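Have a look at the structure below, then the notes.
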Amino acid sequence: VPVVRLLVIAAAAWLIVQQSIDPTFENLITLFGAVGLALGFAFKDYTSSLIAGIVTLYEMPYRLGDWISVEGAYGEVKAIGMRAVEIVTADDTVVVIPHLKLWDKLIFNANDNSRNLQCTADFYLHPRHDAALVRRTLHDVGLTSPYLQVQNQKPVAVVVQEKPWGTHYRLKAYPVDPRDQFRFITDLTVRGKAALLELGLEFAVAPAAVAA
Amino acid sequence: MENAGGPWVIPALERCYLRHPHGLTLVRRFFDRLDTGRLGEGLIGCDSWAWAYLRRAVRGCPPRALVAQALEHERLSAWLRQLAEGDGLQQVLFRQSDSGALVLPPPAALADAVDTTAGESDFVTHLAAHSRGIPGIAWSLWRDALRSCPDEDLAAEKDAEGTCEMGQAVWVLPWGEIEKPALAAGFGVEHTLVLHALLLHDGLAADLLAEVLSLATGAALGVFSELREAGLLEDRQDTLRVSAAIYPAVRQHLNGEGYLTDEF
């Protein structure tokens, strides 16, 4: 901490105040009131984050090891401080998020202090095909992934949705370890594509307007 | 596949499936037929790991199974004694190498003549617990613990007393001194997946294992050779298996990491 610099600044400010205004009781009250107001505005968010930090202790919207998403930043909670929470994203970047986001932003917690984190692999197919066959095939792709959580019998589900440009399949399942979620999604996608290609199916290509 | 009249037997169901998108069809069809009752009565033999997986992955899997009882210390002692006698060691005593305590009960013929002052060892109790009562695992550790000579201190003591039974005793290391294989630090996800896949299939050929795990051939060979060098894999008749000695550590590791384990 630059103590000397702070002392010099404080002494200079005091000299300026003495030179520019008459240091009567009323003037000093006014001056300190103005300074207090300025500091209050300056530290408003800091104080709000500290109070939100206390709230997180009993509301526990996130804990160490949770995978959270706040305003587009998604990562694993690595540290929770008094003022902010630190997450590490999949790109190995640390993001510091002040607790005050708790007041008015949506906080998405993907696993909520458990090992159960649902992952989704998306497949887009040309609409002319046997949807039941594709659904069965993708279900087996999920069931046979080595990353799949089988012990706790979490479900493997295939959600099918028709779009104007094709059929959208979402293969949803849970990995053994939330930290393996990206490996798991990659595995589902690679094996799913291979299985669908073996069935001779054609993948959908979104029209330029939709892709944009 | 229809009932030909008599009871049928499938000795190794784990050989009828692969954890692969195309690997469940046969088992699924079999269970479907089984459900209809058209197959009549039969007996299915299955590895416990494969059974745990199939029970969860394939609908229609019979809910109940009969299993051989795990060997607790009394049964394990009797079995190890039986093995020794089968090898022509009817008159041999198994004593702990540091204290001389009896590890296995003496043969009935020697029961009255045996010096029991050193007491009984709890080696087999530890062995039964560590091996989860699985005979093959226990036998592997048992063989590693056998010695032809006692510890130097005990040998000197026996010589001084003139009560040395060297000729008729096989010495067993104390439980605490046995080197129990453990998994090395820095064990990667790929290594874990390989071990898990091998257990779920009761061993696989290297090319099938790479197929099941969607590993590129080069990467798969690298992982296999690392595991083989660490003594975790055995290669018998072109089939890779988890070695018996490391099995308890592997099972514990998989269980701790949340992977599916067998229920026995």
For this session: Quote the Stokes-Einstein diffusion coefficient, in whole µm² s⁻¹, for chain B, based on the Kirkwood radius over alpha carbon pairs, a temperature of 20 °C and a viscosity of 1.002 mPa s.
Result: 100
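222 nm [θ] for the protein assembly as shown, helices only, -39500 (n - 2.57) per DSSP H run of 4+, per residue, to 500?
-13000 deg cm²/dmol
Mind checking the mean number of beta-carbon atoms from other chains within 10 Å of the Cβ atoms in B:250-261?
Mean shielding count: 3.
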Problem set entry | When each of A:Lys44/A:Lys78; A:Lys101/A:Lys154; A:Lys105/A:Lys193; A:Lys78/A:Lys163 is checked by Cα-Cα distance, pairs over 28 Å | A:Lys101/A:Lys154; A:Lys105/A:Lys193; A:Lys78/A:Lys163
Seminar exercise, completed: Note on chain A: helices (DSSP H) long enough, at least 20 Å by alpha carbon along their axis, and hydrophobic enough, mean Kyte-Doolittle at least -0.5, are A:3-20, A:25-42, A:44-59, A:181-198
For this session: Tell me which residues come under 5 Å, amide H to amide H, from A:Gly81 once H is placed; ignore anything under 5 positions away on its chain.
Result: A:Glu86
Problem set entry | Gained length - A:Ser114 relative to A:Gln19, 0.36 nm times residue gap less alpha-carbon distance | 27.8 nm
Exercise. Remind me, what semi-axes does the protein assembly as shown give for its equivalent ellipsoid, largest first in whole Å, using sqrt of 5 times each Cα gyration tensor eigenvalue?
Worked result: 60, 41, 18
Exercise. If you bin the C-alpha pair distances of chain A every 10 Å from 0, what whole percents do you get?
Worked result: 7, 22, 20, 18, 12, 7, 7, 5, 1, 0
Seminar exercise, completed: Fewest to most Cβ atoms within 10 Å: B:Thr25, B:Thr261 sort as B:Thr25, B:Thr261
Seminar exercise, completed: When all Cα-Cα pair distances of region A:1-99 are considered, the percent exceeding 23 Å is 52
Seminar exercise, completed: In whole angstrom, largest first, the equivalent ellipsoid semi-axes that the Cα gyration tensor gives for region B:196-243 are 15, 13, 9
Problem set entry | Within chain A: Cβ-based charge dipole about Cα centre, in debye rounded to nearest 20 (Lys, Arg +1; Asp, Glu -1) | 420
Exercise. Taking the C-alpha atoms of region A:111-150, how large are the radius of gyration and the largest Cα-Cα span, Dmax, in Å?
Worked result: 13.4, 42
Exercise. At B:Glu179 and A:Glu26, where each label point lies 7 Å from the Cα along Cα→Cβ, what is the point-to-point distance in nanometres?
Worked result: 9.2
Seminar exercise, completed: Cα-based Debye curve of region A:62-183 sampled at q = 0.18 Å⁻¹ gives log₁₀ I(q)/I(0) of -0.95
For this session: Collect residues whose amide H, placed 1.01 Å from N in the peptide plane, falls under 5 Å from the amide H of B:Ile44; neighbours closer than 5 in sequence don't count.
Result: B:Ile10
Seminar exercise, completed: antiparallel share of DSSP beta bridges within chain B, to nearest 5, in %, is 50
Problem set entry | Residue-span extension gain [B:Arg29 to B:Glu229] - 0.36 nm each, minus C-alpha spacing | 68.0 nm
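Here, each number is a calculation from the coordinates, and none is a lab measurement. These figures come from a predicted structure and were not determined experimentally. All Cβ positions, even for glycine, are placed from backbone atoms using ideal geometry, and neighbour counts span all protein chains on display.
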